[in-house]
Every structure is written in C-alpha cells, then in structure tokens.
Amino acid sequence: MAKKIKLAVKAMASNDDTVVVWHYTEFIKDCWGFALFRKRKGESDAIAEPVPTSVGFESEPHQEGEKRPSTEWPLQRFMWTDYYVRQGDEVCYKVVPMINVGDKLVKEDSRASNWSNWVKVHNGDQEVYYNRGLVASQFIADHMLKVKTAATPNPKLDDELEVPSSSIRKFMGGTLVERLYKLLDDVKNDSAITLYAALYELNDTELIRRLNLIGKRANVILANGAFGKDDLDPQAPNAKVLTKVRLTRRIVSSGHFAHNKFVVLTRKTNSVEKPFLVFTGSTNWTLNGLFKQANNAVVFNDDSIASYYFDEWKQILVDCKNDKGLYDKPFKTFNATVKVNKTQTVRTWFTPTAAFGDMIDARKLLNAAKEGILFLMFKPGNAGNETLYDEIISVSKKKKQLLVHGVINTDPGGKANPTIEFMNKGKIDKGSFQGVTKANIKNSFSFWQAELASPNVTIHSKLIVIDPFSANPVVLTGSHNMGKKASKSNDDNLNILTNDPDLAVAYAVHIMSVYHHYRWRYYRSNAGVKKWSGNIKDDKWQNWYWLAAKTANNRKELEFWWHE
C-alpha cells in the first residue's frame, strides 16, 4: 500500500484573482504534476471541477490556444494563480497528485489535500481596484482572432478599445474602470455631490462624456501632461472638449510634471460641503492608462482622508492662479508634513516637498522589513539615484532572509527600447521590453497563440508591499513614481497604508499575477536559457524543490506565501 503523503493547501485572493500554494513532506514517485480543484460556495465536492490549464506535455498533439482540465494537463508547480474566478466568487481549493500508471494519468485520491481555507474575491474594508492592461497576453490574442472578418482581416486593438460597448474594453478595464464609471455616475445622479479632480492626462472619450454630464459640479484641474519641447501642451485638444465642467488648466514647465490623478467627492448637507471620498492611484485617465497598462487604484471612504485631499486640491488651484508662478511657498509648506487620518492607518505625502520627507519615510519602512518585499514600479529614476528601487536592492543585499520579488518597467522617452527588470529572490534580471513581449510567441512556444507586440509602457503601477502576511503589513501606493524627481519636482501623492492584512494580501496577489505574467515571457525570450516547451513526462520536475543545491531559495518562496 502506498505511503500517504500529507498535502496542505492555502488560498489568497484579491478582488480579481486568487493565488493557491501547496506543500508536502517528500518527493512523490511517478507524480507528473497536480490537479487543482476549485469549489464555489454552495457546491458539493462531487461537482467541483479541475481548474483549466493552457500548457500540456512537450511534443503532445494539441490545438493552438487549447485549454484542458488540470487532471489532463497537470500543474508541475506548487503555486498557481487562478485567473478564472470573478469578483464576488467565494472559493476553496484541493490539490490531487496525478500519478503515471502505464503512461496514463490517474488521480491519487489517497494523497489528496484537504480543501483549503475559503477566500472571497472581493474588497475588504479598503477598496482596491486593478485593470487588466496586459496587451501581450493570450486573452488579447484570443479576442483579436475572434473579431477578424473578411472585411477586417487585421483588426486593431485601439479601434476595439474606442468602442464603449466593446467586450475587450470592459475586460481590460477590469474592476478599476468599472469603479471609476460608478463614481462618476453617482455624482451625476446625486445633486448634493460635487467632484474635484486633479488630472495629469485625460483623453478617454467615455470619461470625458461622463464628466460633461455632471456639468458644473465637476471641478477639473487638467495639466499639460507628458509635454516636450515640440509640444508644450499635448492636453490642449482634450481640454477643449470639456465644455460643461468647471475647468482649470495647470501648465507646468521643464523639469516638472503635474502628475496627480486623484478625485475628491464632497456632499452638501444643510449648506455645508463635506469631503467624504477619495479615488487615487497610478491610473491616468487615458486609453493607454485605463486599458493598455497595468495600473491600480484605491478608494478611501474616510472623511479625514478626503478632507486633506480636498485641502491639497484647493492648494493646487491657488497655485495655478498665483501670479508668482507654480510651486509657491504656501503650496510647498502644505506638502512639507505627512497628512494622517484619524485612525493613523493611512498617511499621505503630497509632493513636491523640499526635504524628501516622503522618501525618508518610505526608506525606513523598507529597512524594517522582516519577511519580504513585493513591488511593481515604473521609471523611478536612474540607477544609483536614491530611488526606492535602489533602496529595495540595498535592503535585499543586507537582509538575505527576505523574499524580494518585483518588476520595474522603464521607458526612456522613445530614444531606445523600453527595458524591464525583475528582482527574483533578490537576483536582478534585465531585458528588452520588446523582447519580453515579442509578437510571435508561438514560434518558441507552440501551445499558445501568437500575441500582440506591446511597444508602449505596460507596467505603470507604483506599488510596494512589505511583509504582507505579518502582524504589521505595509502598502505604499499612489501616483508617486518612487524616485527623487517625484518627491522634489512633481505634483504627486504617496499613500502609506499600515496594519490592514486583507489589503496587503490583496495587493500581494495582484503584484504576483503581474510579475508571473512577464517573468515567464522574460524567461522564454532569454537566449541564454534553455527553452521550456511544456511539461515533462517524468517525476523529476520536482527536483527544483528537492535538490539540495536549490532547496533554500525555492523553499523560501513557498514558505513566504505559506506563512502561518
């Protein structure tokens, strides 16, 4: 009789995906992978279905883009992101070893795990949202194949995204765009609510339409965006179509960006206007920002947070109109100290701040990390320029016990190919962004359809999570690019959220879903790495975990996620 091997499985969730981790106590002979079963609340064990996968065994006959249940194409891994759940689902998972018997896979139910903890795909007390701006992906390739017609043999993604009713627009916008639409509709439908927005860029026609429907209760400060010497105000055409709102332009000069993307809502009660909600994050209100970049947003339903954001908006308005020019002393003075809400679980730095108080605060938190740091970043500044990315590198070298994972996307302004860097368990890998997102992935990996190339910036989030499974987790997020320029020269915000385990775990799940998406593509595009072409028909795939030479680093990752 086969020895029973104890398996245990743990699930975690954001409001869009789940991550599942499992472990066991020894090598499983003839195990060619694991089947992962998902059960929704109210379902019996008998009707729980295996999670589908899109990779089979190497050299196995298949249809391009095909998916099969994990009982047929098992997972040769111990950690998996389930992209097939949707907001509102409440799920748990079970792992079953798939054993080779006479070249056929058989479920070894005696070695199956128990069902995991239940997790709900939803927001906790703090609302966080993400889009699905991953252009180089199988779901985009699948959609573009479906919309091909004789009349349009080569459909363009941008044309699809310009149509408000497009299914791919809705999918790529995700919960982030859905929440933003709801926010604007709530204002339109309630005459007691007034909107105050400070925006870096705005070109999405649907958002412009909804703002115009709000009319004069929409107060919009619109900057000149990503200007250059040949075009000092690229947002001018978009400003012209904001015909119904109360519009103020914030035109900054060389060396500065009016980089905020936040909204404050106020409600008038008995003639008194009181702020009550803030929407902020990394997302520009553009076609690229909403649909073609990985972005995140957070909504604070807190009067005190809304109040200091409203004060910041009014300071920006005064600064726009001040004859002395931008960044007058009262504006910098307001930004000189951190703003704290009543419970002190959220504190916010507004920039520019001359003394780098935001960067000093963040560095202290990074250096206090005890278990791990996860991050997504875009263009924090040049290496060695005291960015938070530099600080993460420094901390990872000093504290070898930390698990450090993240991805940074840089765009050198069109002068060269954007670059992408990964920190994988403290080791840095760097590559060409166009190489990682090359168009014809099927030439090197036949299970998948050819994907679209993505020459534009794709990872635009500004997000750090410190010790997400500890008693004192920390999340840093906002519009702040996490470098000295954002601190000293830009209109930005950096929000530090502490002691909210549900929020930290949700952001950790999101970071890893983006990280894994691009890490695998980097691995495939690296000429110095042996090309992986599918699962192997052998139990030796487990060696990455069990071989002594690799055990410490690989187990460290699973132990970090398994944290109890």
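The values are calculated or read from the model by the stated rules, or taken from the named source; none is laboratory data. These figures come from a predicted structure and were not determined experimentally. Methodologically, a virtual Cβ is constructed for each residue, glycine included, from the backbone with ideal geometry; neighbour enumeration extends over all protein chains shown.
I'm told Y309 meets every condition in (1) surrounded by 20 or more Cβ atoms within 10 Å (Cβ to Cβ); (2) in a loop (DSSP other than H, G, I, E, B); (3) modelled with pLDDT of 95 or more except one. Can you identify the failing condition by its number?
(2)
Would you check which residues across the stretch 6-38 are of a type in the set (D, E, K, R) and within 15 Å of W80 (Cα to Cα) and list them?
K10, D16, D17, R38
Please indicate, with yes or no, whether at least one residue in the stretch 19-39 is modelled with pLDDT of 90 or more and polar (S, T, N, Q).
The answer is no, given that none of the residues of the stretch 19-39 is modelled with pLDDT of 90 or more and polar (S, T, N, Q).
Quick one: which residue in N295, N367 is under 27 Å from I393 (Cβ atoms), in contact with a Leu (Cβ under 7 Å, 6 or more places away or on another chain), modelled with pLDDT of 95 or more and of a type in the set (S, T, N, Q)?
Numbers: N367 fails: in contact with a Leu (Cβ under 7 Å, 6 or more places away or on another chain).
Just a single option satisfies the conditions, and that option is N295.
Counting just the residues of the stretch 374-431 that are of a type in the set (G, A, S) and either surrounded by 15 or more Cβ atoms within 10 Å (Cβ to Cβ) or under 18 Å from N526 (Cα atoms) (or both), which one comes out modelled with the lowest pLDDT?
Here the answer is G426.
Could you grab the pairs with beta carbons closer than 6 Å, sequence gap of 6+ or different chains, first residue in the stretch 236-264 and at pLDDT 95 or above and assigned to a helix (DSSP H, G or I), second one surrounded by fewer than 20 Cβ atoms within 10 Å (Cβ to Cβ) and not basic (K, R)?
N238/N203
Just one of F279, F291 is in contact (Cβ under 8 Å) with a residue 60 or more places away in the chain, within 24 Å of Q315 (Cβ to Cβ) and more than 12 Å from the chain's Cα centre (by Cα); which is it?
Just one listed residue meets the conditions, F279.
Working carefully through the options T194, T175, find the one that is more than 29 Å from E72 (Cβ to Cβ), in a helix (DSSP H, G or I), touching a residue at least 12 places away in the same chain (Cβ under 8 Å) and among the β-branched types (V, I, T).
Values: T194 fails: in a helix (DSSP H, G or I).
Going through T194, T175 in turn, the sole match is T175.
Checking F27 against (1) assigned to a strand (DSSP E or B); (2) among the aromatic types (F, W, Y); (3) in contact with a helix residue (DSSP H, G or I) (Cβ under 6 Å, 6 or more places away or on another chain), only one condition comes out false. Which one?
That leaves (1) as the condition not met.
Kindly list the number of the only condition in (1) modelled with pLDDT of 95 or more; (2) at positive phi; (3) surrounded by fewer than 24 Cβ atoms within 10 Å (Cβ to Cβ) that fails for N499.
Here N499 clears every test but (1).
Scan A362, A368 and give me the residue that is touching a residue at least 40 places away in the same chain (Cβ under 8 Å) and buried (at least 19 other Cβ atoms within 10 Å of the Cβ).
Selected residue: A362, the only one of A362, A368 that is touching a residue at least 40 places away in the same chain (Cβ under 8 Å) and buried (at least 19 other Cβ atoms within 10 Å of the Cβ).
Here are N472, N481: which of them is assigned by TED's automatic domain parsing to the domain that holds H259, out of contact with any Gly (no Cβ under 7 Å at 6 or more places or on another chain), modelled with pLDDT of 80 or more and surrounded by fewer than 17 Cβ atoms within 10 Å (Cβ to Cβ)?
Numbers: N481 fails: surrounded by fewer than 17 Cβ atoms within 10 Å (Cβ to Cβ).
N472 is the lone residue from the list that is assigned by TED's automatic domain parsing to the domain that holds H259, out of contact with any Gly (no Cβ under 7 Å at 6 or more places or on another chain), modelled with pLDDT of 80 or more and surrounded by fewer than 17 Cβ atoms within 10 Å (Cβ to Cβ).
Failed condition for A46, given (1) hydrophobic (A, V, I, L, M, F, W, C); (2) surrounded by fewer than 20 Cβ atoms within 10 Å (Cβ to Cβ); (3) under 30 Å from the mean Cα position of the chain (by Cα), with all others met?
Here A46 meets the rest and fails (3).
Of the residues D302, D328, which is charged (D, E, K, R) and over 30 Å from S14 (Cα atoms)?
D328
Taking the stretch 131-165, which residues are crowded, with 18+ Cβ neighbours inside 10 Å and free of Cβ contacts under 8 Å to residues at least 24 places away in the same chain?
E160 - this is the single residue of the stretch 131-165 that is crowded, with 18+ Cβ neighbours inside 10 Å and free of Cβ contacts under 8 Å to residues at least 24 places away in the same chain.
Listed here are the residues, each with its yes/no results for (1) touching a residue at least 12 places away in the same chain (Cβ under 8 Å); (2) aromatic (F, W, Y); (3) in contact with a Gly (Cβ under 9 Å, 6 or more places away or on another chain).
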residue: N295; (1), (2), (3): yes, no, yes
residue: D303; (1), (2), (3): yes, no, no
residue: K329; (1), (2), (3): no, no, no
residue: A336; (1), (2), (3): yes, no, yes
residue: F356; (1), (2), (3): yes, yes, no
residue: G372; (1), (2), (3): yes, no, no
residue: S396; (1), (2), (3): yes, no, yes
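Which of the residues that make up the stretch 509-530 are crowded, with 18+ Cβ neighbours inside 10 Å, of a type in the set (A, V, I, L, M, F, W, C) and touching a Phe, Trp or Tyr at 6+ places or on another chain (Cβ under 8 Å)?
Within the stretch 509-530, I511 is the sole residue that qualifies.
What about V220, is it touching a residue at least 40 places away in the same chain (Cβ under 8 Å), under 24 Å from G478 (Cα atoms) and of a type in the set (A, V, I, L, M, F, W, C)?
When the stated conditions are applied, V220 does not pass them.
Please indicate, with yes or no, whether at least one residue in the stretch 110-122 is surrounded by 15 or more Cβ atoms within 10 Å (Cβ to Cβ) and closer than 17 Å to E178 by Cα.
Scanning the stretch 110-122 turns up at least one residue that is surrounded by 15 or more Cβ atoms within 10 Å (Cβ to Cβ) and closer than 17 Å to E178 by Cα.
Any idea which of F350, F375 is in a strand (DSSP E or B) and farther than 30 Å from A136 by Cβ?
Just a single option satisfies the conditions, and that option is F350.
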